[in-house]
Amino acid sequence: MHDTCPVLEILNMPQLESLTLARRQHHKDQVTKKQVAALLHFHTTGNLPLREFRLSDLWISDADLLQIMKRSPRLELLAIVNGKTSDKFLTQSSTKRGRPARWICPNLSRVCIMTDHSSKSDKFKVSKEGMGAFVAARLRVNQASSTRGGAPSVSRLMNVRLDEDDIIFDNILNVDWAWSHDDTCSPHRRLVAPWEYNLDAASRWWMSTRHWEDLL
């Protein structure tokens, strides 16, 4: 990718609801986080209509990701595969921010983060503790609103995955949420090239509320 005028900055897409950006791993050109940020400079001054945002094998900083999320109040699905994000963006999304105080992506209900294991630094990884705190914070607010009988200020999380672990929400087990290990969608369990797995994961992850196995 060369330093050219960002494509998405030229285009005016007032009705864009789903966006997937992916790089095939066998491609020799490296894409910097600065170039990814440039790609996401949409030609609009207002909020984005995005409901689904997927990123695969592209490095986006927490700050740039948060800018996209803040401008996408209708966002329902966020999937990042090998994106080098960290707990910082989850922390910012775990409480109201700004003046007046508002939730970032209040409609967010499906989240998938798959770690870039090539990174040796933990500062470019989302931890189970960070994801758990994010889930607990949003669930607590949602449940409190339901108890009071009012409209919830954040949507209920439906599907959450971090690497090979799902978060399950099960009232039958008398737990608000719990981790459940599931490696059925691991790239090591599928007879495809790594780049095919990553591109597939980014473009198809939780297209609906169905589980991953239903999409194979």
Inset, instruction - List the equivalent ellipsoid semi-axes of region 60-122 in whole Å, largest first, each obtained as the square root of 5λ for an eigenvalue λ of the Cα gyration tensor. - result: 22, 13, 9
Inset, instruction - Evaluate the Kirkwood expression for the hydrodynamic radius of region 52-161, namely the inverse of the mean inverse distance over all pairs of different C-alpha atoms, and round to one decimal in Å. - result: 14.3
Legend entry - Amide hydrogen neighbours beyond the local backbone of L48, cut-off 5 Å, H modeled: S72
Inset, instruction - Using the structure shown, list the pairs from K70/K125; K70/K123; K84/K123 with a Cα-Cα distance above 18 Å, or answer none. - result: K70/K125; K70/K123
Inset, instruction - Kindly write out, for region 85-99 in residue order, the coupling ³J(HN,Hα) from the Karplus curve 6.51 cos²θ - 1.76 cosθ + 1.60 (θ = phi - 60°), rounded to whole Hz, with x marking Gly and Pro. - result: 8, 9, 5, 4, 6, 6, 4, 5, 9, 9, 7, 5, 9, x, 10
Inset, instruction - Subtracting the Cα-Cα distance from 0.36 nm times the residue separation, let me have the gained length for W179 to R74 in nm, one decimal. - result: 35.1 nm
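Values quoted throughout were computed directly from the atomic coordinates according to the rules given, and no laboratory measurement underlies them. Predicted model, so just to flag it, every value in this text is computed and none were measured.
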